[in-house]
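Values quoted throughout were computed directly from the atomic coordinates according to the rules given, and no laboratory measurement underlies them. Only a predicted model underlies this, so the values are computations on that prediction, with no experimental measurement involved. Cβ placement follows ideal geometry from the backbone for every residue including glycine, while neighbour counts extend to all protein chains displayed.
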Amino acid sequence: MKKIFLATFVFMFLLVSVWVAAEETGNNPVAVSPGSETEVVTVWQSCPTFSWSAVDQASSYRVAVFASVDGKIAPYESMAVMSSPVISKQIPGPALSWTLPAEERLKTGSMYAWYVQAVDASGNAIGSWSGGRIFQVEQEIRFVGIEEKLGEILKSYGVSEETAANVLNDLKSEVKEVVVPDKVSKTTPGVSGVLGYEGSTNTFYGNNAGASITTGSTDTFIGADAGAHTTTGYGNTFLGYEAGHLNSTGYYNICLGYGAGSWNEIGYYNIFIGKDAGGENDSGNNNVFIGHEAGWSNYSGYNNTFVGNNAGDANSTGNDCTFVGNSAGESNSTGSNNTFIGHSAGKSNNTGIGNLFLGYRAGYNETGSNKLYIDNSNTSSPLIYGEFDNDIVTINGKLGIGTKTPDYQMELETTGENAAFVTNRTDGATTFMNATASYAQFGAVSNHPVRILVNSTSNMMINTDGSLSMASGATCTTGGVWTDASSRALKENIENLSASEAVDALTKLNPVKYNYKVDKTDKHVGFIAEDVPDLVASADRKGLTPMDVTAVLTKVVQELQRENQEYKKIISDLQERMAKLEKN
C-alpha cells in the first residue's frame, strides 16, 4: 500500500509542478521531465516521456533533443550552433507530453539535453525556448513480478490505464539501481541483472542477457544485454554486447557481433553477423547481413542478402536485394530486386528497382531502374550496358568471338570450320554471312530473295530464280540476258536524234583493240571513253553505255536506208526512161 500511495503522490506532484511552472513563465514553456537543470539524471528508458508546462495561445509545441558530450547545460541557441538535434518534433496542442516512439529510441549510455518552445496557429514561435534539462539513458528497468500487479491495483482504485502507465514510468525514472529480490536467484530468467542461466532449452550469459524472457524457448543469448527484451521469441541465437537487444517476439534469428540486430523486435529468420549488422531491423525477415553495419538501417525490408562492410547500409524497406562488396548498395533505401556485386557497386542508387551492377564501382552513379552495368569503374559508359525494360544491350568496346584480340568492333574467328553470322526469323527468311576456306558469301539460307540496300532503300535484288532486278527497272535474266530500263515513264526531255548528229558521232568513233590491265590475256575491241564524241560520252568520261552507241548506229543505218530508197527510186526512173528511148 505504501508503494501505491508513493506512486500516486509522485504523479500528483508532477502535475502540480507543471501547473505552477506554467503560472510563473508566461509565454515560455518550462521543460519538466525527464532530466534536471543542474545535473545529469539517469533515465532507465530509451523511449522516455517528455513533459512541459502550458502556454496561453499555444497551438503546438516544438521539442528538440541534442546529444551532450560534456554533461553541461547550455542555452538552446548555443546547442543549435554546435550541432543539429537528434530529435526534433512538433507536438499538436493541447498535449503537454510526448513519448518517443520505438523507432526513434535513444542510445543506451548516452547523455542528452532537451528543450521546448510554444508555437501559435500560424507556425510562429511564442516567446523563447525553455531552459534545458539534461539526462543520461541507461538500460530500461522492468519491475519483475510487481509491474503488472501494481497496474491492476491502480486501476482498481479508479486510475486510468494511461495514468497508471505514466506513474510506472515516473517510478522507473527515479530508480537509481536494480535490486533483485532475495527470493529470486540470479540465475533465474526474467530478472534484470541476470548474469547466467542454463535452462532446459534456454542459455543466457551476460548482464541482462535474456532478462525479459517469459515463454520464449530454445534461445541462446551471450553478452551483456543480449536479447534483453525477448519475451516470447524462440529459436534465437544472439552473441555480443546488445546483440538482438530489443527483440521481443522475433524467432529463429542469428545475431553475432556488437549491436548486431540490436533493434530487431519482431523480425524472424534473419542472420546478422558483424558489428551493428542489421542494427535497426525491426520487422524485416529472411535477411542475411554480414559485415560491419551491413544492412544497418533495414527496418522492414525482407529477403535481402548484404555481404561486406556497409553493404546495404541505408536500406530501409527495400526487398529482394543482393549486395556483395564493401559499400555495395550503400545508399539503397527503398529500391527492390537489385543485385550489386563489387566494392561500391551501385553505391549512389537509392530507390532504383531491378538493377544489375557487376564490378568495382559498377553503376556507382546510376540512380535509375532496370539497368545493367558491367565494368570495373564508375564510368557512365560501361563495357556492357543494358536496359531490361527496353530489351537493350550495348557493348562499349570490341567483341571477339573465338579471339581474345579483336581488331574490329565485332570479329568472329575460327580455324578448321566455317565462320558464320546467322539471323533467323522463324516465320520468315534466314540470312547468313559466311567465310569458308575458299570463299566468302552472303545471302539467304531460306528460299527468299536477297536485297541490297543503300540508305535503307532497295537498289538491287537477287530473286529466288537467280535473276537480277535493279531499282531503275533494269533486269538480268537467269540466262544472263541484260535488259536496260527503257520505259517512257523513266525518261524526260525526249528529242529525236538527227541524222547529221548520228553521222557526226559515228564518224568520230575510233574503234580500237585492247586488253584490261588486270588481265593481259583477254583481248577486246571497242572504244576509249575519253576519246568518244560528247553525244555518247558519260558524264565522267570513264565508261560507255552500249545503248548510246547502238542508238547512233541505228540512226545512221536508218538514214542510209532512206537514202538507199531514194537512190532506188532514181535508178527506177532512169530505167523507165531508157526503156522508152529504146522503143522510140
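Would you order 425, 451 from fewest to most other beta-carbon atoms within 10 Å of each residue's own beta-carbon?
Ascending Cβ contact count within 10 Å gives the list 425, 451.
State, to one decimal in nm, how far the label point of residue 403 lies from the label point of residue 418, with both points 7 Å from Cα in the Cβ direction.
2.0 nm
Checking the a/c ratio against 1.5 first, then a/b against b/c, what shape does the Cα gyration tensor give for segment 400-443?
Taking the square roots of the gyration eigenvalues as a ≥ b ≥ c, segment 400-443 is oblate.
Among the GluC sites (Glu not before Pro) within segment 509-566, which fall in a DSSP loop and have no more than 13 other Cβ atoms within 10 Å of their own Cβ?
530
So, counting K/R as plus one and D/E as minus one, what does the shell of residues with Cβ under 15 Å around residue 353 add up to?
Residues close to residue 353 contribute a combined charge of -3.
Along Cα→Cβ, 7 Å out, is where each label goes; now give me the distance between the ones at residue 580 and residue 380 in nm to one decimal.
10.4 nm
Assuming R0 = 22 Å, what is the FRET efficiency of residue 452 and residue 481, from their Cβ-Cβ distance, to the nearest 0.05?
0.60
Hey, if you put +1 on the Cβ of every Lys and Arg and -1 on every Asp and Glu Cβ in the chain, which of 421, 209, 43 ends up farthest toward the positive end of that dipole?
Final value for the positive-end residue is 421.
How large is the translational diffusion coefficient of segment 358-398 in µm² per second when you combine the Kirkwood radius over alpha carbon pairs with Stokes-Einstein at 25 °C and 0.890 mPa s?
Details: Rh = 10.1 Å.
Using the Kirkwood radius from Cα pairs, D works out to 243 µm²/s.
Provide the net charge surrounding residue 532, with neighbours chosen by a C-beta distance below 10 Å and charges set as Lys +1, Arg +1, Asp -1, Glu -1.
Numbers: positive: 508, 541; negative: 530, 531, 534, 548.
Summing Lys/Arg as +1 and Asp/Glu as -1 gives -2.
What number, in nm² with one decimal, is the all-direction average of the projected area of the convex hull of the alpha-carbon atoms of segment 525-574? Walk me through the numbers before you get to the answer.
Values: hull surface 18.0 nm².
Computed as one quarter of the Cα hull surface, the answer is 4.5 nm².
By how many degrees, between 0 and 90 and to the nearest 10, does the Cα long axis of helix 546-583 differ from the longest principal axis of the chain?
20 degrees
Filter 107/347; 508/568; 508/555; 107/155 down to the pairs with a C-alpha to C-alpha distance above 21 Å, please.
107/347; 508/568; 107/155
Aspartates and glutamates near residue 569 by alpha-carbon distance under 19 Å, same-chain residues fewer than 8 away left out - which ones?
559
Using 0.36 nm per residue, how much length does the chain from residue 82 to residue 27 gain when fully extended, once their Cα-Cα distance is taken away?
17.2 nm
Between residue 472 and residue 425, what length comes free when the chain is fully extended (0.36 nm per residue of separation minus the Cα-Cα distance, one decimal in nm)?
Extra length available between residue 472 and residue 425 comes to 14.0 nm.
What's the FRET efficiency of residue 442 with residue 507 using the Cβ-Cβ distance as r and R₀ = 41 Å, to the nearest 0.05?
Efficiency at R0 = 41 Å is approximately 0.30.
For residue 513, which aspartates and glutamates qualify as cross-link partners when the Cα separation must be under 12 Å and same-chain residues fewer than eight apart are set aside?
Hits, sequence-local ones excluded: 522.
Could you work out the per residue convex hull volume over the alpha carbons of segment 449-490, in cubic angstrom? Present the calculation step by step, with values, prior to reporting the outcome.
Working: hull volume 2.8 nm³, N = 42.
Hull volume normalised by residue count: 66 Å³.
Hey, can you rank 303-309, 430-436, 501-507, 482-488 by average C-beta count inside 10 Å, highest first?
303-309, 501-507, 430-436, 482-488
State the label only: which of [x] 27.7, 88; [y] 48.1, 181; [z] 29.4, 107 corresponds to Rg and Dmax of the Cα atoms in Å computed from the shown model?
Recomputing Rg and Dmax of the Cα atoms in Å here picks out [y].
Which of the chymotrypsin sites (Phe, Trp or Tyr not before Pro) found in segment 321-383 are loop residues per DSSP with 10 or fewer other Cβ atoms within 10 Å of their Cβ?
Filter output for segment 321-383: empty list.
I'd like the Karplus ³J(HN,Hα) series for segment 47-55: coefficients 6.51, -1.76, 1.60, θ = phi - 60°, whole numbers in Hz, and an x wherever there's a Gly or Pro.
10, x, 9, 9, 9, 7, 8, 7, 10
In terms of Cα to Cα distance under 14 Å, which aspartates and glutamates are near enough to residue 404, apart from those fewer than 8 places away along the same chain?
Reachable aspartates and glutamates: 413.
When only DSSP loop residues count, what chymotrypsin sites (Phe, Trp or Tyr not before Pro) in segment 495-584 have their Cβ near at most 10 other Cβ atoms within 10 Å?
Listed in order of number, the matching sites are 516.
Using just the Cα positions, wrap segment 464-556 in a convex hull and report its mean projected area in square nanometres, one decimal place.
8.4 nm²
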